[in-house]
Amino acid sequence: VEPDAACFRDQVSMLFAEWYRICELPGTNDAACAHYILQLQQSGLLKGDDISDRFFRCLTELSVSHCLSSEVISSGPLQSPQQVHPLSFLAIDIYAKLVFSILKFYPVDQGSSKLSLLPKVLAVSVRFIQKDAEERKVSFNARPYFRLFINWLLDLGSMDPVFDGANFQVLIAFANAFHALQPLKVPGFSYAWLELVSHRSFMPKLLTGNAQKGWPYMQRLLVDVFQFLEPFLRNAELEEPVHFLYKGTLRVLLVLLHDYPEFLCDYHFSFCDVIPPSCIQMRNIILSAFPRNMRLPDPSTPNLKIDLLAEISQPPRILSEVDAALKAKLIKGDLDEYQKTRQQGSSFLTELKQKLLLPPGDAARAGTRYNVPLINSLVLYVGMQAIQQLQARTPPHAQSMASSVPLAAFLVGTALDIFQTLIMDLDTEGRYLFLNAVANQLRYPNNHTHYFSFILLYLFAESNQEIIQEQITRVLFERLIVNRPHPWGLLVTFIELIKNPSYNFWSRSFTRCAPEIEKLFESVSRSCG
Amino acid sequence: DLGTIGDNLGGSSANSGGMRDQSYSMQMLEAAYYKLPHPKDSERAKSYIPRHPAVTPPSYPQGQAPIVNNPAFWERLGADNYGTDTLFFAFYYQQNTYQQYLAAKELKKQSWRYHRKYSTWFQRHEEPKVTTDEYEQGSYIYFDFHTSDEMQRGWCQRIKPDFMFEYNYLE
Amino acid sequence: LGIDLTTLGLNLNSAENLHKTFGSPWSDEPAKGDPEFSLPQCYN
């Protein structure tokens, strides 16, 4: 019988009060808990159907309103973010414990349904939060929900034997719930969200073990916060609430850089798609990551021969789908065709610039006239094809690309045609984005770093327009003058540019276009040794 | 959903429904900025659940006396010579509790040192004969549980002459 | 020019993992972290 709302709510309220009494019993009361859960199950409230949803929704409503009503007592507006009204989390903690106990004591013969209940409970919580945020708008308070999730992360993450084998499914259920609550969808939950996603009871577990199956979920969550920040980060001046979230994100990135650098290495491509080009230091953190077992030679070592480094001929692991943007814009077919036939005068090259532009309407929203992920995808995809061709042509014993293969070999293939067409046809903005896509590959010693470092230096040397040389310098330079960290590949490329006389760097007029620029060049080149 | 990002139009997967324009987001973010989660929101009272609760008559206190979570109580024990055994008891038998942490802190204050490999506390009995960057060697008192003869089962302190305390085992 | 990332309260040169004591994205202080002492079986 479909219970009417008021009657159902009263019933749930009584059940909740009874649960509270059980929780208040001194000492451990597993037997009482298990008995209570059994009763709930026998009353049909835990089938995972619509009634279950209503049951958990009622409990959420009861516990949240109890928590928020405790806030009314204290008075006066808040003066600073650090000053918060005390809240009572008693009801929230009791509700969290009920869910944990249900998952723990649910009769094992129901095996699979034990865990299928968790995503349903989380889905109820997600919908409730979205609705609450939608209705309350600026008076929405995330703290009760934050506490609810913290309880579950600490309890479920406590490696209780019940969950030993299924811990990964628990983590994924939370990852999906957090993705549904991402800042773009519930901006009022952003701070609580970032703290939950980076919590020591969640993020490390998602990134450790399980054969890295948790990595795509963490990548998606990081992209969620980058996508939210992206429009705000296009401007240098950030409003305090954005700056606070930005700084918090930097802290999370530093923990990842220190503890899980391989995660940042393998997903750098996706992250560069959503970090605005102006956000140089945040991008540098990601591009500076290198595998923990790798030792990087000091870039300023005199006569450093990067060609002879063992790692320089190894391809980096890239877990993002490099050619997806090309496929989405239906360019991949034409590109592959062009690279295969290398048809002189084919329209592919002449039409390329147009294909990289966004439709006017989208350009306004994206803050640029170009489709940045598409440029990133084109540059890396074409470069990877060229590297494959090079390695196919190089005898296996001499795999390090430059030591045995003459530099001229780099020039074979259509990659250079494409890159030279782009650098000549694109306007200043387009060229900047193209050069950024190349510079984003200057990371730790690997064959992408090596190849794209060569490409940048070659374009500098071969270009007959000083504006292009200036822009190449600017793209490298703006990444070096920001606070550390600086990617290894960026440093070695810049040092090569300013040291190798064949680039004639210091004779270029733009190195002396203003006294402070001249001083800046000298100080950066000094710091590069 | 786990694949590429799509266009740089402020997010693709999030585009479906519920997409917010920037000013709305800023407004909500600003409001949330004044209701940040507080550090206490993540802290939970450590409800100590004894692993092997000693069954006692109901007239006995069933919960732990709050004083065991008061650092001053442990400092008093630390100051009192006979309190050391109590510190060791709390460390070894009240594991994963705040009082274990407080007891460990007091033991450290009395220059007891926890050896991670032997899970045992050592204290120098005299100046070590050898000290290098990696270890020190000499005779130490250590706190141990001895079962040598049934009459004497229990905790005791022994001297370990010529023991090498490698620093990488020092907790 | 970005910010001096060493001022964010994280010891980037730490030999230990940072996540164990990562308090929150908002705090400069490491979390207290729960003391973990491993004990030999005979103590249980």
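Do we find that A:A192 is closer than 23 Å to A:K131 by Cα and more than 9 Å from every other protein chain (Cβ to nearest Cβ) in this structure?
It is false that A:A192 is closer than 23 Å to A:K131 by Cα and more than 9 Å from every other protein chain (Cβ to nearest Cβ).
Please list, ordered by residue number, the helices (runs of 4 or more DSSP H) wholly in region A:213-296 having 2 or more residues that are more than 12 Å from chain C (Cβ to nearest Cβ) and under 22 Å from A:N446 (Cβ atoms).
Output list reads A:215-233, A:261-266, A:268-274, A:280-287.
Which condition number in (1) at pLDDT below 90; (2) buried (at least 17 other Cβ atoms within 10 Å of the Cβ); (3) over 30 Å from B:E43 (Cβ atoms) is the one that B:Y118 fails?
For B:Y118, the exception is condition (2).
Out of A:V322, A:V255, A:V274, I need the residue that is among the aliphatic types (A, V, I, L, M) and modelled with pLDDT of 95 or more. Which one?
Result of the check over A:V322, A:V255, A:V274: A:V255.
Among residues belonging to region A:297-317 that are out of contact with any Leu (no Cβ under 8 Å at 6 or more places or on another chain) and either closer than 24 Å to A:N483 by Cβ or aliphatic (A, V, I, L, M) (or both), point out the one that is nearest to the other protein chains (Cβ to nearest Cβ).
A:T301
Assuming B:P50 fulfils every condition listed in (1) modelled with pLDDT of 85 or more; (2) at the interface with chain A (Cβ under 9 Å from one of its Cβ atoms); (3) over 30 Å from A:A324 (Cα atoms) apart from one, which condition is it?
(1)
So which helices (runs of 4 or more DSSP H) stay within region A:444-529 end to end and still have 1 or more residues that are at pLDDT 95 or above?
Filter on region A:444-529 gives A:447-462, A:466-480, A:488-499.
The values are calculated or read from the model by the stated rules, or taken from the named source; none is laboratory data. All figures in this text were calculated on a predicted structure; none of them were measured in a lab. We place every Cβ from the backbone using ideal geometry, glycine too, and count neighbours over all the protein chains shown.
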